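In what follows, a single structure is set out as structure tokens and then discussed.
The values are calculated or read from the model by the stated rules, or taken from the named source; none is laboratory data. Just so it is clear, the model here is predicted, and its values are computed rather than measured. Note that each Cβ is placed from the backbone with ideal geometry, even for glycine, and that neighbours are counted across all protein chains shown.
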Amino acid sequence: MTLRVRLAALADLPVGKGTCVAVAGHRIAIFRFGDAIHAIGDRCSHAEASLAEGEVFDGTVECPRHGSAFDLITGIPVSLPATRPVEVYAIEVVDGEVFTTLDPIVEDES
């Protein structure tokens, strides 16, 4: 079941830095550049570090643990050691609120 979820108020997102939001079982790193918003999976595909805590430059975010950089539009790693992309979330801004659609992740209770 796909859900439309609110991630944050646009005004609460710092420009040029990441913010991590946990929603419906997803950890999402949100990056703001003026009115442009990008959202990718928060966990580095190589070492599980928070990408929201990484440095942002030239349309990429660098993992704070081992330095892999990920393209903020495609989620594809542009430097090693990561070789697998992270998820990319489509963003919609409505009346100053940031939304995405996603399928909830339900943890197995067994």
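Of the residues making up the stretch 60-84, just one is over 13 Å from the mean Cα position of the chain (by Cα) and at positive phi, namely GLY67. If I ask for residues that are part of a strand (DSSP E or B) and either closer than 13 Å to VAL5 by Cα or in contact (Cβ under 8 Å) with a residue 24 or more places away in the chain (or both), which ones from the stretch 59-73 would you list? Once the filter is applied, which keeps residues that are part of a strand (DSSP E or B) and either closer than 13 Å to VAL5 by Cα or in contact (Cβ under 8 Å) with a residue 24 or more places away in the chain (or both), the stretch 59-73 yields VAL61, PHE70. In the stretch 31-46, the condition of being in a strand (DSSP E or B) and over 13 Å from the mean Cα position of the chain (by Cα) is met by at least one residue.
Picking from residues in the stretch 20-59 that are more than 21 Å from ALA9 (Cα to Cα) and of a type in the set (Asp, Glu), the one that is modelled with the lowest pLDDT is GLU48.
Per the listing LEU7, LEU3, the residue uniquely farther than 15 Å from GLY54 by Cα and crowded, with 18+ Cβ neighbours inside 10 Å is LEU7.
Taking the stretch 74-110 as the region of interest, how many residues are in a loop (DSSP other than H, G, I, E, B), among the hydrophobic types (A, V, I, L, M, F, W, C) and surrounded by fewer than 12 Cβ atoms within 10 Å (Cβ to Cβ)?
Number of matching residues: 4.
Taking (1) without any contact (Cβ under 8 Å) to a residue 60 or more places away in the chain; (2) surrounded by 20 or more Cβ atoms within 10 Å (Cβ to Cβ) in turn, GLY41 satisfies each apart from (2). If you go through the stretch 14-30 and keep only what is in a strand (DSSP E or B), without any contact (Cβ under 8 Å) to a residue 60 or more places away in the chain and not β-branched (Val, Ile, Thr), you end up with GLY18, CYS20, ALA22, ARG27, ALA29. Regarding GLU62, is this residue in contact with a strand residue (DSSP E or B) (Cβ under 7 Å, 6 or more places away or on another chain), more than 22 Å from LEU10 (Cβ to Cβ), surrounded by 14 or more Cβ atoms within 10 Å (Cβ to Cβ) and charged (D, E, K, R)? Yes; evaluated as a whole, the condition is true for this residue.
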